[in-house]
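Reading through the structure tokens given below for one structure.
Every read-out reported here was derived from the displayed coordinates using simple, explicitly stated rules and does not represent laboratory data. The shown structure was predicted, so the numbers you read here are calculated from the model rather than taken from an experiment. Cβ: placed from backbone, ideal geometry, glycine included. Neighbour counts: every protein chain shown.
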Amino acid sequence: MNRLIAMCGLDCAACDAYLATQANDRAAQERVIAKWQQEYNLANVTLQDVTCDGCVTGGRLGGYCGKCEIRACGTARQLANCAHCNDYATCDKLVGFFAQVPIARANLDEIRRAL
């Protein structure tokens, strides 16, 4: 599977919402809605929230991505993702996020090693 690493390091290509959107599979999107409602305790998840073309593609953004400070910063700096940022090692925006989602840091660290 090809990876599509978001600004924050998450792999959009592994996201259920992204996969359902790209497959144009409304039933799969409905399953993602139900899953997110339960997993994240979000009663108001909508079809729009699970319609996503990936963080860095410039297309439709689902869930929190449209409001994400990490994404906004990386986009403003015209980065492929945060691994390419000169401030990566000291970024306050990433510290808390990495504590919650360590795989994101691992993905970005892997990219930085290859730069």
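Of L94, L42, L19, which is the most mobile in a GNM of the chain whose springs link Cα atoms less than 10 angstrom apart?
Checking each option, the largest mean-square fluctuation is seen for L42.
Cα-based Rg (one decimal) and Dmax (whole number) for the chain, in Å?
14.3, 42
What spacing in nm lies between the two simple spin-label points modelled at D87 and R31, each 7 Å away from Cα in the Cβ direction?
A separation of 4.1 nm, rounded to one decimal place.
What FRET efficiency would be calculated for the residue pair A23, V101, taking the C-beta separation as r and a Förster radius of 30 Å, to the nearest 0.05?
Calculated transfer efficiency: 0.80.
When a/c is below 1.5 the answer is rounded, else prolate if a/b is larger than b/c, else oblate, so apply that to region 23-74 with a ≥ b ≥ c taken from the square roots of the Cα gyration tensor eigenvalues.
Details: a/c = 3.01, a/b = 1.42, b/c = 2.12.
Taking the square roots of the gyration eigenvalues as a ≥ b ≥ c, region 23-74 is oblate.
In whole angstrom, and with the biggest value first, how far do the Cα coordinates of region 65-105 range along each principal axis?
Principal-axis extents of the Cα atoms in region 65-105, largest first: 25, 23, 16 Å.
Which is the longest part of the chain that has none of the chymotrypsin sites (Phe, Trp or Tyr not before Pro) sitting in a DSSP loop with at most 13 other Cβ atoms within 10 Å? Intermediate values should be presented prior to the final figure.
Working: sites that count: Y40, Y64.
Formally, the longest exposed-site-free interval is 65-115.
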